[in-house]
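Heads up, the thing below is written out as structure tokens.
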Amino acid sequence: MQVGYETALSPSGKLGVWWFIASEIMVFGCLIGLYVLFRVAHGGWNDQASHVNWRLGAINTLVLVTSSLTMILAFNAVRIERRQRAARFLLVTVLLGFTFLGIKSVEYTHELGEGFTPASGMFWSFYYIMTGLHGFHVLGGIILNLTLYITAVRGTLWSGNKSSRVEFAGLYWHFVDVVWIFLFPLLYLA
Amino acid sequence: MKSNELTAESLDRSSIIIWMWLVGLLGAGMMVFTLPIPRIPTLLLIFGIAGFKATLVLRDYMHLKGEKMLIYAIALTPLLLAIALALVLIPDIVFRR
């Protein structure tokens, strides 16, 4: 069986997903650009930035990167029509997404407990806006993947061309991963 | 069925190799962060590594390496616009005191 990218996708659906990702690139691109400009212009953020927990940030990066692997493994399984395997990897992706949000909420709890709120300074404003917006995107991806998992278990995912939705959801999920790959060094290491 | 299994294995193997690269690069980034290196080279290395990681995800997991120019155009246009918007704000944000 020849396995290719063209077998499991509808070009118009894929274009739609890429248009959506393009709008997201504008949102996150502008936020990151503004953060860099403000940080260059107004020094003294290093003290504020030193209070974030980079170890938890690194663990979260590992979690999100691993969830990208399980998402692509789900897509690979869809391409060769291994339905149970695809459903299993979708579920693992969802669980890793929840793990990411769980670790992030532990971080938020600790930081808010120490008195670092969005009003505590420019760094914290950017920190909460960027990680919060990213967190909402992770939540959206979890809901999307959970829906796909349920339809895969029920068997309705495999009718017609619906299985291409796994690729579309994967494109979104990997994009969320790419955003975090830049947010992590910007907010935790720089 | 056997050819399916072989194909599945090769698909999964390349995905796992990319993941290993991503984990290795994450480790390298953390190592650079913890080593006593001057700040500017540290930042250059950390963001260089982040760029490489993002390229791997975009190229292999989002399949950009096999895409047509139209998809590249859709992805690159907003990136260039975001950079342009940031650049035009430099006089207001960086040089305004």
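Worth a mention:
- For chain B, the mean residue ellipticity at 222 nm estimated from helices alone is -26500 deg cm²/dmol, where every DSSP H run of n ≥ 4 contributes -39500 (n - 2.57) and the total is divided by all residues, rounded to the nearest 500.
- Top of A:Leu56, A:Leu101, A:Leu15 by mean-square fluctuation, Gaussian network on chain A, Cα under 10 Å: A:Leu15
- Cα centroid separation, segment A:152-183 to segment B:35-93: 23 Å.
- The modelled label-to-label distance between B:Phe95 and B:Ser14, using points 7 Å beyond Cα along the C-beta direction, is 4.8 nm.
- Across the options A:Phe98, A:Phe28, A:Gly170, the greatest Cα extent toward the positive end of the charge dipole of chain A (unit charges at beta carbon of Lys, Arg, Asp, Glu) belongs to A:Gly170.
- Only Lys, Arg, Asp and Glu carry charge here, each on its Cβ (+1 for the first two, -1 for the last two); on that basis segment A:98-184 has a dipole of about 460 debye about its Cα centre.
- For chain A, built as a Gaussian network whose Cα springs stay under 10 Å, the top-fluctuating residue of A:Leu91, A:Leu146, A:Leu112: A:Leu112
- Between A:Ile59 and A:Phe20, the FRET efficiency estimated from the beta carbon spacing at R0 = 41 angstrom works out to 0.90.
- The Rg/Rh ratio of segment B:15-83, with Rg taken over Cα atoms and Rh as the Kirkwood radius over Cα pairs, comes to 1.08.
- Positive-end residue, the protein assembly as shown charge dipole about Cα centroid, Cβ charges, pick of A:Pro118, A:Pro11, A:Tyr128: A:Pro11
- For segment A:9-189, the Cβ-based charge dipole about the Cα centre amounts to some 860 debye (Lys, Arg positive; Asp, Glu negative; other atoms uncharged).
- Burial order of peptide ranges B:30-42, A:129-141, B:53-65, A:170-182 (average beta-carbon count within 10 Å, highest first): A:170-182, B:53-65, A:129-141, B:30-42
- Cα-based reach from A:Lys104 at 19 Å (exclusive), listing aspartates and glutamates while leaving out same-chain residues under 8 positions away: A:Glu114, A:Asp177
- Cross-link reach list, aspartates and glutamates versus B:Lys68, counting only Cα pairs under 19 Å and skipping chain neighbours closer than eight places: A:Glu6, A:Glu167, B:Asp60
- With all projection directions averaged, the alpha carbon convex hull of chain A covers 11.2 nm².
Quick note: the coordinates plus some simple rules give every number you see, no bench work behind them. Note that the structure is a prediction, hence the values are computed from the model and not measured. Every residue, glycine among them, receives a Cβ derived from its backbone with ideal geometry; neighbour counts consider all protein chains shown.
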